Each structure stands twice: as structure tokens, then as C-alpha cells.
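Written out below as C-alpha cells is the structure these notes cover.
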Amino acid sequence: MKKEYGINNKPDLNLARKRLGRETKIIDFKIDDVYLGIGDGKTYLIKTYGCQGNLSDSGKMSGILEALGFTRVEEEIDADFILFNTCAIRENAENRIFGELGRIKKIKKQKPDLIIGICGCMMQEEATIEKIQKKCPHVDVIFGTHNIVKLPEYLSIALNNKKSLEVMSIEGDIYENVPNVRDHPYKAWVDIMYGCDEFCTYCIVPYTRGKERSRMPKDIINEVQQLADLGYKEVTLLGQNVDAYGKDLNINYTFSDLLVDLNKINIPRIRFTTSHPRDFDDTTIAAMALGGNIMPHLHLPVQSGNDEVLKRMNRKYTSGEYIEKMNKLKESVPGISITTDIIVAFPGETEEQFQDTMKLVDAIEFEGAFTFIYSPRIGTPAAKYPNPLTEDEKKQRLLTLNKKINEYTLKGNKRFEGEIVEVLVDGISKTDADMLTGYTRHNKLINFKGPKELIGQIVSVKVKRSFTWHLLGELE
Ligand code: SAM
Ligand code: SF4
């Protein structure tokens, strides 16, 4: 029988693009008493795709589900509620989700009471919602990035055998005190801000995540202090453009002020992502130079090494400015490891312009990069730009770039051979049960033999050999 909708509220990308200047509300999250216990005796599984922002949201949704009484399971077949938290950044991420929804249909046939939910950035797009409604009638709950806190209501509707669809195309608010189930016992994500106001011409994020809005410093500092008190060893501060942190607060407090304050907390490691080259400034360099718990690694997406392409991407910096800032950083934080994101085959990118990206990679010697072929996103300006390159030409550029990036990644790893490095031990290596695995201060993956009791500790390891994707060490 066809199910009715309890709520039916679709997205609108045009509305999502607007910045109306409405003041951000800070809302203290609380679950309405009527929903408490609706998950008693029931199980859930969240499948997360995409960036750390989604991982962080999934932790909060797990927290809400467990507060409702649900218990987490690892296998789909054991779950009463399966939720897909989706990513819209590139087309292949979206195609994957439709594949998953097709596959899950079979499980729903075996278990008709199974509730299937889908949320995250993909849901903010009108075309995706239409496609799901047409092709995936077995999906019961659909919601967007702005309303994860309404999960109790949507589940209550689903448990009453109705569907719910609610995607808000708004600038967004900030919810504090959302319960959080963290996946890792020693490392935690901490959102410092939400949304993005950059509107890079290729990117869907400002439409799916709302305007840039910063959490209050005290809320972030308290959260990091609590994590330190609980024995966490590392926090990663999250935002789409962390260097813009605080600009919307009008309290004269910036990202570098936050780093300086967190530098005083007794948590061994602080990382952050993602920085933006336009806003990354001398004060942040000075804060990074404090060292201590601020790790000597910066992920600073450059996207292209050609100024004309950067302009058409609306990145608001030149390759020269990028190189100048990185030279300053290298002087202030000797030995720092720099990684990046690069898009090849942006519409209209000529061979010469691509070669400028290769030159910039030589100038910086990135020790790692996420590299992508440009993927058109409906509703973004670049999706309308002509792109005459063939698929083979695009792939060739990616391969050429990756080859160079791999050379510098290996070079960056080789510099540690013979050195003693500090490692936060994550767990047992996935490829060898006798080996432990962890990350160095410079964010290098390292494997070494050692007792399981070291998991969660920071230990000294001598680097014996370096490969492109990892280091091999010996416990000191
Ligand atoms: N806010 C961060 C920034 O500005 O770098 C991260 C944004 S996004 C989650 C991560 C990366 O995806 C971007 O840095 C960019 O390289 C890539 N990306 C975004 N939109 C893309 C598109 N339409 N096609 C290909 N890659 C894209
Ligand atoms: Fe997308 Fe640019 Fe914002 Fe990053 S800064 S999320 S690439 S619009």
C-alpha cells in the first residue's frame, strides 16, 4: 500500500543561495518528552558518505537516536532503522547513493518494517528529491542538513507508518548540547562553525549547508576541555573555511584567537580543517608557530595554480599570494607538512593553465593532495561554463598530477627516515594484525610492531623506511 506523507516540505536551491542577513539563533537542543523511548528495543545503523562535516553530523544523529532508546548495530540486516547520510560534492558520490538505495530495497523486502532514511547534502537539491520520490518509494524518511535535530519527530511519523520529507532551504542556526556518540575513543571532531559564504563557482556546499555561522568561543573551549578531561588525545576543529571563524560574531575574536586559547588546554593534539588561502593570515601563522598541541600540518586547498582559472573559480587569491603565504609559514613553522586539494579540468582549463598547477605543486612540494576531476553541480555557476575537454583528456590530467603529487608525498615521507617521531596509536593495522598503526604530529600514517595496550597512547617510534602511503617504524 502507498504510504501517506506526515510532513512534505521540499528544498529550493534558489532560496538556499540567498543570504538574507537574518541573525543566527543559538538553540539549546532538548528532545521533547513525547519522543523519549520510541527507540526502546530497536536498532539503528547510519552509513556516512563524504566529508568530516557529515561524520560529525552522524555522531550527533547517533547521539539523538541513542537518547531515544535505539541501539547501534553494525550489519544492515540487524537494523530496524538504516540512515544514509549523503554527500553532493561530486556526481560519483551521488551515483553511489542511488546504487545503495537500489541494493537496500532487497533487505526491505525481507524486513517490511525496516525504516529507511536518507539525509545530508544531496537532499538539499530539488532534482535529487524528485528522483528519490520517483525511483525509490521504499525510502520512508528524507531530511536535509538543517534539520537533523528533528529526527525524533520524523521517526515517530515513520513508526506510525507514514513518510516524512522535510528539507529546509535556509541560512541555518546553531544547536548546542546535541548528544554526540563519537566513533573514536581518543580522537574527536569539534565543529567550530557551520556553512559557507565563499560561493566558489564549482561548489554546491554554500547551497547545501547555509551561511557561515560560528559557534561562541566559550562553547568550543568548553567542549575541547571536556574532551581533554575524558582522556581524548586529539581534536580536529571543523569548518568549511575555519580561517573565517568569528567574522560573523562581531566580538573581535578570530580563528587565531581560538587557536591561542586552545593551545592552553591540556589536550595533546589540535588539528583543523579546512583552511582557505584568502583568509589564512599572519595571525594564524603566528598561532601555529606556538607549537605545543597545535600540530605542524596544514591542509590548504589551492584548487589550481593558474590565476585566470582561480578567478573563474571565485577563489579570490593568486598563485603568487598562495606561494608567499606558504613560504612565510615554512619559515615560522620549520618542517611543517602542507597538503592540499586540486581540481583538474575546470571548465575552459587549457593545457598551459594545467601546467601552471604542475608548477605550483613544484613550488610548494605538497606532501599529499586530494585531487579531483571537475564535476558539474546543477545550480552552481560553473555548471554552465563550456568544457570542451574529452573524458580521456580529463583523466590524463589527473594521472599526470597524481604522479607528481605522489613523488612529493614520498619525498615528504623520506625526510623522516632515521628520525624518532611521536605517534598517537590508533589501533591495529588493517593489513597486518601484528602491527599497530597511528599518525605522527605531521599527520603521516605509520605502522610498527607493538603491544595492543599502547592503543590510545602517544609513543615514540623510530622511522625505519618511508613509502608513498605510509612510514614503517620501530617502537623506541
Ligand atoms: N571548504 C573546503 C575548501 O574550500 O577547500 C572543502 C570543500 S569540499 C568538501 C572538498 C573539496 O572538494 C574542495 O576543496 C574541492 O577541491 C573539491 N570539490 C568541490 N566541488 C567540486 C566539484 N564540483 N568538482 C570537483 N571537485 C570539487
Ligand atoms: Fe565550497 Fe569554496 Fe566553500 Fe570550500 S570555500 S566549501 S570549496 S564554496
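Restricting attention to the range 361-399, and to residues there that are under 28 Å from Leu329 (Cα atoms) and either more than 26 Å from the chain's Cα centre (by Cα) or of a type in the set (Gly, Ala, Ser) (or both), which single residue is surrounded by the most Cβ atoms within 10 Å (Cβ to Cβ)? So, considering only residues that are under 28 Å from Leu329 (Cα atoms) and either more than 26 Å from the chain's Cα centre (by Cα) or of a type in the set (Gly, Ala, Ser) (or both), the one surrounded by the most Cβ atoms within 10 Å (Cβ to Cβ) is Ala369.
Among residues of the range 221-271 being among the β-branched types (Val, Ile, Thr) and over 19 Å from the mean Cα position of the chain (by Cα), the one that is nearest to ligand 1 (Cβ to nearest atom) is Thr254. Put simply, of Met313, Met295 the only residue that is more than 12 Å from ligand 1 (Cβ to nearest atom), touching a residue at least 24 places away in the same chain (Cβ under 8 Å) and either touching a Gly at 6+ places or on another chain (Cβ under 6 Å) or not aromatic (Phe, Trp, Tyr) (or both) is Met295. Residues in the range 194-209 that are more than 6 Å from ligand 2 (Cβ to nearest atom) and among the acidic types (Asp, Glu): Asp197 only. Please determine whether any residue of the range 127-138 is within 14 Å of ligand 1 (Cβ to nearest atom) and modelled with pLDDT under 95. Looking for residues that are within 14 Å of ligand 1 (Cβ to nearest atom) and modelled with pLDDT under 95, one finds none in the range 127-138, hence no.
Restricting attention to the range 277-293, does a residue exist that is surrounded by fewer than 20 Cβ atoms within 10 Å (Cβ to Cβ), within 16 Å of ligand 2 (Cβ to nearest atom) and of a type outside the set (Asp, Glu)? Among the residues of the range 277-293, at least one is surrounded by fewer than 20 Cβ atoms within 10 Å (Cβ to Cβ), within 16 Å of ligand 2 (Cβ to nearest atom) and of a type outside the set (Asp, Glu), which makes the answer yes. Evaluating Phe199 against the criteria (1) within 16 Å of ligand 1 (Cβ to nearest atom); (2) touching an Asp or Glu at 6+ places or on another chain (Cβ under 7 Å) leaves one unmet condition, (2). Annotation: of all residues in the range 464-476 being closer than 20 Å to Pro268 by Cβ and within 31 Å of the chain's Cα centre (by Cα), the one that is surrounded by the fewest Cβ atoms within 10 Å (Cβ to Cβ) is Leu471.
Only one residue in Ile157, Ile104 is closer than 27 Å to Ser375 by Cβ and more than 23 Å from the chain's Cα centre (by Cα), so which one is that?
Numbers: Ile157 fails: closer than 27 Å to Ser375 by Cβ.
So the residue among Ile157, Ile104 that is closer than 27 Å to Ser375 by Cβ and more than 23 Å from the chain's Cα centre (by Cα) is Ile104.
Counted as qualifying within the range 413-463 are the strands (runs of 3 or more DSSP E) with 3 or more residues that are within 16 Å of His184 (Cα to Cα) and under 29 Å from the mean Cα position of the chain (by Cα), namely 420-428, 435-440.
Do the conditions hold for Lys264, that is, is it modelled with pLDDT of 95 or more, in a loop (DSSP other than H, G, I, E, B), surrounded by fewer than 16 Cβ atoms within 10 Å (Cβ to Cβ) and not aromatic (Phe, Trp, Tyr)? Criteria met by Lys264. I'd like the full set of residues that are buried (at least 22 other Cβ atoms within 10 Å of the Cβ) and more than 15 Å from Gln353 (Cβ to Cβ), limited to the range 294-321. Result: Met295, His297, Leu298. Taking first residues from the range 50-62 that are within 15 Å of ligand 1 (Cβ to nearest atom) and partners that are in a helix (DSSP H, G or I), the Cβ contacts under 8 Å between residues at least 6 apart in sequence or on separate chains come to Gly50/Ala93; Gly50/Cys121; Asn54/Cys121; Asp57/Thr145; Asp57/Ile148. Taken over the range 222-234, the criterion of being surrounded by fewer than 17 Cβ atoms within 10 Å (Cβ to Cβ) and either touching a residue at least 24 places away in the same chain (Cβ under 8 Å) or over 19 Å from Ile26 (Cβ atoms) (or both) is satisfied by Gln225, Asp229, Leu230, Gly231.
Looking at Asp229, is it more than 23 Å from Lys10 (Cβ to Cβ), within 16 Å of ligand 2 (Cβ to nearest atom), among the charged types (D, E, K, R) and at pLDDT 95 or above?
Answer is no for this residue.
Among (1) surrounded by 16 or more Cβ atoms within 10 Å (Cβ to Cβ); (2) farther than 28 Å from Gly50 by Cα, where does Ile251 come up short? If we test Ile251 against (1) surrounded by 16 or more Cβ atoms within 10 Å (Cβ to Cβ); (2) farther than 28 Å from Gly50 by Cα, just (1) comes out false.
Against the conditions (1) part of a loop (DSSP other than H, G, I, E, B); (2) of a type in the set (Ser, Thr, Tyr); (3) touching a strand residue (DSSP E or B) at 6+ places or on another chain (Cβ under 7 Å), Ser375 satisfies every one except (3).
Kindly evaluate Arg215 against the criterion of being crowded, with 17+ Cβ neighbours inside 10 Å, closer than 29 Å to Thr357 by Cα, within 18 Å of the chain's Cα centre (by Cα) and more than 16 Å from ligand 2 (Cβ to nearest atom). The answer is no for Arg215.
A Cβ distance below 7 Å, combined with a sequence gap of six or more or placement on separate chains, defines the contacts here; from the range 79-98, residues that are touching a residue at least 40 places away in the same chain (Cβ under 8 Å) reach residues that are in a strand (DSSP E or B) and of a type outside the set (Phe, Trp, Tyr) in the pairs Phe81/Ile115; Phe81/Gly117; Leu83/Ile46; Leu83/Gly117; Leu83/Cys119; Ile97/Thr86. Counting just the residues of the range 184-212 that are in contact with a strand residue (DSSP E or B) (Cβ under 9 Å, 6 or more places away or on another chain) and among the acidic types (Asp, Glu), which one comes out surrounded by the most Cβ atoms within 10 Å (Cβ to Cβ)? In this case the residue turns out to be Glu212. Might you check whether a residue that is buried (at least 21 other Cβ atoms within 10 Å of the Cβ) and within 16 Å of ligand 2 (Cβ to nearest atom) occurs anywhere in the range 114-121? Looking for residues that are buried (at least 21 other Cβ atoms within 10 Å of the Cβ) and within 16 Å of ligand 2 (Cβ to nearest atom), one finds at least one in the range 114-121, hence yes.
So which residues in the range 273-284 are closer than 17 Å to Met193 by Cα and within 12 Å of ligand 1 (Cβ to nearest atom), if there are any at all? If the condition is that a residue be closer than 17 Å to Met193 by Cα and within 12 Å of ligand 1 (Cβ to nearest atom), then Thr273, Thr274, Ser275, His276, Asp279, Phe280 are the ones that fit.
The values are calculated or read from the model by the stated rules, or taken from the named source; none is laboratory data. Quick caveat: nothing in here was measured; it's all calculated off a predicted structure. Virtual Cβ from ideal backbone geometry, glycine too; neighbours counted across all protein chains shown.
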